Structure formats: C-alpha cells, structure tokens
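Asks: Quick one: the structure is below, and I'll ask about it shortly.
The values are calculated or read from the model by the stated rules, or taken from the named source; none is laboratory data. Values in this document were obtained by computation on a predicted structure and should not be read as measured data. Positions of Cβ are generated from backbone atoms using ideal geometry, with glycine treated the same way; all protein chains shown enter the neighbour counts. Side chains included, ligands, DNA and RNA excluded: accessible areas come from the protein's heavy atoms. Shrake-Rupley method; radii C 1.70, N 1.55, O 1.52, S 1.80 Å.
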Amino acid sequence: MHYNIWMPKPWTVEDSAKLYNLRGWGLKYFGVNEKGNMAVQPNREPQGSIDMKAVVDDVLARGIKLPVLFRFQDILRHRVKLLNETFSKVIADHKYKGRYFGVYPIKVNQLREVVEEIVDAGQDYQFGLEAGSKGELMAVLAMNQPGALVIVNGYKDERMMRLALLGTKLGKRVLVVIEKPSELPLLLKAGRDLGVRPLIGLRSKLQTQGSGKWKYSTGQAAKFGLTTPEVLAAVLELESAGLSDCVKMLHFHVGSQVTDIQTIKDAVREATRTYAKLRQRGISIEYLDCGGGLGVDYDGTNTAVDSSTNYNLKEYVGGVVATIQEVCAQEKVPEPNIVTESGRYLVAHHSMLVVNVFGTIEAGASPIEFAQAPGEADVVVKMREVIAELTPANLAESYHDGLERQDEAFTLFKLGFLSLEDKAKVENLFWKLCLEIDRLMPKAKYVPEDLVAMSKTVKDQYLCNFSLFQSLPDSWAIGQLFPIMPLHRLDEEPLRRAALVDITCDSDGKIAQFACHRKAGGSLPLHALHNGDPYYLGVFLMGAYQATMGDIHNLFGRVNEVHVFADADEPGGYYIEEIISGQNVKEVLESIQYNDFELAKMVKAAADAQVKAGALKPREGVELLNEYESVMAEYTYIDHNGQHHAPAAPPNGSSAEPLVKQGA
Ligand SMILES: *Cc1c(COP(=O)(O)O)cnc(C)c1O
C-alpha cells in the first residue's frame, strides 16, 4: 500500500502501546500483538505470548461471567525468582558475606493459591513467609518450607506467642518480632512455659522519614516499633535474663510503596548503625530485616510520585546491599544476612481484572435532534446566540452567559412558563456550548478554574460491570492509580475520552484519574462502542492488597477467578488450571444474616396472599416464586450482553450526576 505523505499515518498497535504507556508499567509482561489484542508474556518471552482477548472469549464460552479476575501464576513465579536472583547476584558482585533470606508478607495477598505458588517458586532460595496476625500465622506455620524463615510481626497476645513457639518446636525458623515493649515478657513467659528458647527480632522505630503515601509508617509517632530507649531497655532485660543470645534480628519497615530510593538508603543506613552498635555490645544479631516498601511503578513514569518509584529492582537491591556493607565496614562488624519483606513487588503484576463495558453515557449526546423552530422561547434563542458568538477569546464570558440562561430556563420551567421541548433544547444547547468550549480551551490564552472544572465533566462515562468497592478498594479509599486499557481493538485509534463508572449506586464508584500517556490525566482514551459488540477493559497490577480489603457494598460479591498458566504445547499457549466461582446472591445475603429459605418463605406468603385476593393465578404464583428462588444461585453482577447509550445530564458547573443509574 502506498501512503500519500499528506495522509495521516494509520494507527498502529505501537501507537496504542505508547498511548497507554504499556512499556512503562507493563515491564514486558504485557504487550500488544499484531491482531491488536493485549498479549500477556508471563515469563517475559515473546514466544510465550498469550492472547488475552482469546482467553476472555474462551472463559465466556465456558459459561463464566464477567467480571473475572485473572491470575497469571507464572508471573508470580517470575517475580519471586527475579527478586531472589537479583539479591544473589548483587551479593556475589559485592562479595558481601551475608546471604539473602526473603519472606513474603501474606497480608498483601493471602489467597492460598498465591501463597502456595510463591512458596513453591521460592523453594530453591529458602524463601519464607511473614505473618502479621493470628490468622495469618496459622496459615504461615503450615505453609512454610523447611529452612525458610517465618517472621511474626504485628501486635501479639500470649496465645500468638505460644503459636509462634509451637512453630519453633515444629523445627521452623520462627523469628518473633517485638513491636512494643510489653510483648517481650509475654514472649519470654511463653518460652518458659513451652521450654523453647525463642528467636527474637527487635523492630526499630526509625527516625528516617519515609516517602510516598505511607511515609508516616516511620518516625517517632509511628504505630509500630521500639524507640531507641526501648531497644536498649529490651536488650538490658534480655541480658539480665541471660537470653541476649536469643536476639537474632533487627527489623524495620519504612512503609509500603516507598517512592524514593534515597529514603530506602537512609533507612538502611540508620538501621545498620543500630545493628552495628548492638553487635559491638556483644548481641550476635544474624539478620537485618529491611521490611517491605519495594515499590511498583503503577503509572510507568519512573518518578517519585505516589503511583510510581524513581528506582527499579536492581537499584533497590544495590542500594540495600552496598549501604549495609559500607556501614559494616566502618563499624568493623560482620555483614548480616539480609531479609526483606517485599509483598507488593511480588504480587501486584500477576492479576488482572477484566470488565465489560455495557453502555456509555455520552457527553452531550441527545436521542433527538432539536432544530431551530419558529415560536421558540426567548431563552432558547439567547442560548443559540451564545453558541454562535463563541470564540477562544470569550470562553469564560460565554460559559457564564450559558449558565445564566440555563438557570433562567430552570426558573421559568418551575414556574410553568417553559415547555418541555424548550427545556430540552436549552439543556442540549448548554451541552453543546460546554463541548465547544472544551474543544476551544487549548486555544485560549487564559482558562479560569471554573472552566477547568467544567471541562472535567464533559467527558463520556463508560459503564463498567464491576464494583470499585469490591475489586479496587484502594482506588476508592486512597486514590491509588491502576493502569487500565482495552484488551482489544488496539490497532484502532481510541477516539473517545472517558471516565469509568461502576455498577454500585454510589457516586464514589467511579474512576476519573488515569495513568497513561506518561502523565496522569482525568480521562481514559477508549474506543466508541460498536452497537452490540463486546468491549473489554483490563485493570492491571491489582494483585497487591485488593483481594481481601474489598467489601460487598451494594451486595456485589467476590468476583469469579480464573487461574491461567502458560504452556507452549497448548493451543493458544495457555491452559486454565482453576476456576474459583465468585459469590452468588445467596452467599452474599448469607454473609449479612439473611437466610434464603426464610426469604423465600416470606415472598411465598406475599404471593399466596395475592392468589387469595385473586390478583394472581395460582400458576403465576408458583412461577413467581421459582423465578425469585432461581436468582439466589446467580452471580451478583449484571448479566448484560448488549449495550445501551444514554445521554448525560448537562454539566452545571458542579458535579454532573449520570442520568442513568443502576437500581434505585
Ligand atoms: C505491609 C508490610 C510489608 C509489606 O510491604 P510491601 O510494601 O507490600 O512490600 C512488609 N513488612 C511489614 C512489617 C508490613 O507491615
């Protein structure tokens, strides 16, 4: 094909990759194939590429409904290996004397299959597990492999101390971290009662201030850890009890998602000094535990903003190892074994939520064309004039005129002086005005705040079949950004700009901040829906912290889960190992004390009454009850193959509530 040089270049999959900044956050696990579909490369090898659109079609053909959470267990394995091998390599390169003993903090994702995969992938590296509560410790004690560490953090009671020491009796290397001074006597008592010498970790409350959203996890006001006087008091207490040789570890944690590498180095430096001073005092600490905090570049910008990190894995590991080595050399103490508790880094990439878009609320769309007609109310005529006279030089003035006309129309309507047709015209014209202002804004010299605010409301809203509160709690709670993009049609330019809304009846159930195009923006480029064709979006990097923090707001339950494994011998290069059904209506209702049988009885009583009153035939009564009961077994999400388009309510300078809402 010949291209005329004046013709715009056709859109390519490369353009999509750039637009969604796939290279930035996808880390080569995610790419686009020549068909224009999302391609997953769980081992980062192009020959092992899985067509995600084909996987979704396959799963739907098996009768599994969207939304579905896909887990790529191979990605988990790959992350575990990468972390361990990077530490091994850097340790060898530096001729560092200690070893690396990583642990996975299961709070980040406790699902058994996730923990199992990590334990299995980490077997060659004696990769351990960390627990922060009684429940987690129960799982960790059972799952941990011989030779690997078990680290027990979090506030503990005597029972939990005993549980930890039972682990020691089972031959596991359990390190109990003292988070506050009163825990030490509890641990020593449990040790005496069970006849076990505990392995003790001391958590130090560092002075170094963190960076990123969780920066207040350190410092004197932090929730966990011992201050310097408390560390000394603990050591004195242990020395006088003849147990100071039980102190095996110094622990610190600067908070999750540390965005700045300098923070990590500063914290490691401070902690290594403490380690060295204790060592010089004769406390033979073997492990320095640097906690979690190894971040994930959610927006792919490689910067120190909250959703990114200004370092990569190699820099992190290099920073940790070199800093410890340097301080140990100065202090002339042995180099300790290094422990990290990286959770987010290991699990974020392995799961992807797939949702279907089942409709759009198109900015400014109207199902009826409103032509100019004789006899229109004065306010309609004036609104038309505002639009006709719009130029880049009078945007603000025109917008304010438009707002005034709209208010005037509203007042007239309330008083009964405006027809429904003319009210519709004013609303529609006001939308047109806003869209036109939005289009002209880049040409304006100065754009006041209220116009910027207005412009945010004139994008489309894509209705997505999921609940933000169940599947992406951090998006709602702390404004966490997750990469989001279509799974197909990537060889086609996405011409719409949209926000995403979920199916809860909550105006917070909305995503209006996106990370793409190398900066976070208020709208996501998406394709126009072809009537009736499915449109799938993937929400990526959501494997960390989302699984058990989600709730059943509006009674949308846990989503279906599908575990995908790469396998070059299978058609499509993958097989599905496991399908975990999401909650059905009955299960969600049960979790809040409704019994399906009782509910059916009540509905039956109402139906019987209607039959008795002659409003229903007996057969209709039975059918009604059958239909009611059959919903109990269904998925809580909407079952919508088609799509609908709906016009949005006009922006009014404040927030534009969508006209179409699910439910009441
Ligand atoms: C949460 C937590 C971690 C995990 O942090 P990530 O940033 O996910 O790696 C590690 N250690 C402790 C003590 C924690 O509380």
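Asks: Are any residues in region 371-426 assigned to a loop (DSSP other than H, G, I, E, B), more than 24 Å from D450 (Cα to Cα) and out of contact with any Asp or Glu (no Cβ under 8 Å at 6 or more places or on another chain), and if so, which ones?
Replies: A371, Q372, A373, P374, G375, L415, G416, F417, L418, S419
Asks: Might you let me know whether region 458-475 holds any residue that is more than 30 Å from F30 (Cβ to Cβ) and touching a residue at least 24 places away in the same chain (Cβ under 8 Å)?
Replies: Yes, that holds for at least one residue.
Asks: So in region 285-321, with the set limited to residues that are acidic (D, E) and assigned to a loop (DSSP other than H, G, I, E, B), which one is modelled with the highest pLDDT? It would help to see each step written out before you state the result.
Replies: At the first step, the residues of region 285-321 found to be acidic (D, E) are 286, 289, 297, 299, 306, 315.
Right, trim to assigned to a loop (DSSP other than H, G, I, E, B) and you get 286, 297, 299, 306.
Values: E286: 98, D297: 95, D299: 91, D306: 89.
If we take residues in region 285-321 being acidic (D, E) and assigned to a loop (DSSP other than H, G, I, E, B), then E286 is modelled with the highest pLDDT.
Asks: Within region 593-613, identify whether any single residue is among the polar types (S, T, N, Q), loosely packed, with under 13 Cβ neighbours inside 10 Å and more than 30 Å from F565 (Cβ to Cβ), and answer yes or no.
Replies: yes
Asks: Here is a further query. Can you tell me which condition A365 does not meet? The list is (1) among the small types (G, A, S); (2) assigned to a helix (DSSP H, G or I); (3) open to solvent by 10 Å² or more (accessible area, probe 1.4 Å), and all the others hold.
Replies: A365 satisfies every listed condition except (2).
Asks: Same structure again: Select from region 93-142 the residues that are closer than 19 Å to T548 by Cβ, among the polar types (S, T, N, Q) and in contact with a strand residue (DSSP E or B) (Cβ under 9 Å, 6 or more places away or on another chain) and list them in ascending order.
Replies: N109, the sole residue that qualifies.
Asks: Here's something else I'd like to know. Select from region 273-284 the residues that are surrounded by fewer than 19 Cβ atoms within 10 Å (Cβ to Cβ) and part of a loop (DSSP other than H, G, I, E, B) and write down the one among them that is nearest to the ligand (Cβ to nearest atom).
Replies: Ranking the qualifying residues of region 273-284, first place goes to S284.
Asks: Next question. Of the conditions (1) of a type in the set (D, E); (2) buried (at least 16 other Cβ atoms within 10 Å of the Cβ); (3) free of Cβ contacts under 8 Å to residues at least 40 places away in the same chain, E376 clears all except one; give me its number.
Replies: Only one criterion is unmet by E376, namely (3).
Asks: Between V32, V68, which is open to solvent by 10 Å² or more (accessible area, probe 1.4 Å), β-branched (V, I, T), within 30 Å of K18 (Cβ to Cβ) and not assigned by TED's automatic domain parsing to the domain that holds V320? Full working, then the answer.
Replies: Details: V68 fails: open to solvent by 10 Å² or more (accessible area, probe 1.4 Å).
Just one listed residue meets the conditions, V32.
Asks: Separate question: Any chance region 285-302 includes a residue that's open to solvent by 40 Å² or more (accessible area, probe 1.4 Å) and over 29 Å from V115 (Cα atoms)?
Replies: The answer is no; no qualifying residue exists.
Asks: Looking at T218, T208 in this structure, which one is within 16 Å of the ligand (Cβ to nearest atom), β-branched (V, I, T), within 27 Å of the chain's Cα centre (by Cα) and surrounded by 14 or more Cβ atoms within 10 Å (Cβ to Cβ)?
Replies: Working: T208 fails: within 27 Å of the chain's Cα centre (by Cα).
Being within 16 Å of the ligand (Cβ to nearest atom), β-branched (V, I, T), within 27 Å of the chain's Cα centre (by Cα) and surrounded by 14 or more Cβ atoms within 10 Å (Cβ to Cβ) holds for just one of T218, T208, which is T218.
Asks: I need the full set of residues from region 436-480 which are in a loop (DSSP other than H, G, I, E, B) and open to solvent by less than 60 Å² (accessible area, probe 1.4 Å), in order please.
Replies: The answer is A444, V447, P448, V458, K459, N465, F466, S467, L472, G479, Q480.
Asks: Could I ask something else about it? Taking the conditions exactly as written (of a type outside the set (A, V, I, L, M) and within 30 Å of L524 (Cβ to Cβ)), does G293 satisfy them or not?
Replies: Details: of a type outside the set (A, V, I, L, M): yes; within 30 Å of L524 (Cβ to Cβ): yes.
Here the answer is yes, as G293 does meet what is asked.
Asks: If you don't mind, another one. Return the residues of region 594-639 that are of a type in the set (S, T, Y) and touching a residue at least 40 places away in the same chain (Cβ under 8 Å); say none if nothing qualifies. Show your work before the answer.
Replies: In the first step, residues of region 594-639 are kept if they are of a type in the set (S, T, Y); the result is 594, 628, 630, 635-637.
Result: Y635, T636, Y637.
Asks: May I ask you to list the residues in region 35-54 that are open to solvent by 80 Å² or more (accessible area, probe 1.4 Å) and at pLDDT below 95?
Replies: Scanning region 35-54 gives E45, P46, Q47.
Asks: If you take the residues of region 566-599 that are more than 29 Å from the chain's Cα centre (by Cα) and among the aromatic types (F, W, Y), which of them is nearest to A39 (Cα to Cα)?
Replies: Y594
Asks: If you scan region 491-550, which residues turn out to be of a type in the set (S, T, Y) and within 22 Å of N302 (Cβ to Cβ)?
Replies: Y545
Asks: Scan Q145, Q110 and give me the residue that is within 27 Å of the chain's Cα centre (by Cα) and open to solvent by 40 Å² or more (accessible area, probe 1.4 Å).
Replies: Result: Q110 is the single residue among Q145, Q110 that is within 27 Å of the chain's Cα centre (by Cα) and open to solvent by 40 Å² or more (accessible area, probe 1.4 Å).
Asks: I would also like to ask the following. Across region 529-561, which residue is farthest from the ligand (Cβ to nearest atom) among those that are among the β-branched types (V, I, T) and surrounded by 21 or more Cβ atoms within 10 Å (Cβ to Cβ)?
Replies: Looking at residues that are among the β-branched types (V, I, T) and surrounded by 21 or more Cβ atoms within 10 Å (Cβ to Cβ), I get V559.
Asks: Is it the case, given these coordinates, that K107 is in the same structural domain as L226 (by TED's automatic domain parsing) and within 16 Å of the ligand (Cβ to nearest atom)?
Replies: yes
Asks: Among (1) open to solvent by 60 Å² or more (accessible area, probe 1.4 Å); (2) assigned to a loop (DSSP other than H, G, I, E, B), which single condition is Y628 missing?
Replies: With respect to (1) open to solvent by 60 Å² or more (accessible area, probe 1.4 Å); (2) assigned to a loop (DSSP other than H, G, I, E, B), Y628 is out only on (2).
Asks: In region 379-391, what residues are under 27 Å from R496 (Cα atoms) and loosely packed, with under 14 Cβ neighbours inside 10 Å?
Replies: Within region 379-391, A388, E389, T391 meet the criteria.
Asks: So which of A649, A615, A664, A656 ends up being modelled with pLDDT of 50 or more, closer than 24 Å to N465 by Cα and among the hydrophobic types (A, V, I, L, M, F, W, C)?
Replies: On inspection, the qualifying residue turns out to be A649.
Asks: Can I ask one more? Filter region 153-170 down to residues that are open to solvent by 60 Å² or more (accessible area, probe 1.4 Å) and assigned to a loop (DSSP other than H, G, I, E, B) and give me whichever is farthest from the ligand (Cβ to nearest atom).
Replies: The selected residue is L170.
Asks: Then there is this: Grab the strands (runs of 3 or more DSSP E) fully contained in region 1-119, keeping just those with 2 or more residues being within 30 Å of R173 (Cα to Cα).
Replies: Of the strands (runs of 3 or more DSSP E) lying wholly inside region 1-119, those with at least 2 residues that are within 30 Å of R173 (Cα to Cα) span 103-105.
Asks: Also: State whether one or more residues within region 259-271 are open to solvent by less than 10 Å² (accessible area, probe 1.4 Å), over 29 Å from the mean Cα position of the chain (by Cα), of a type outside the set (G, A, S) and more than 16 Å from the ligand (Cβ to nearest atom).
Replies: no
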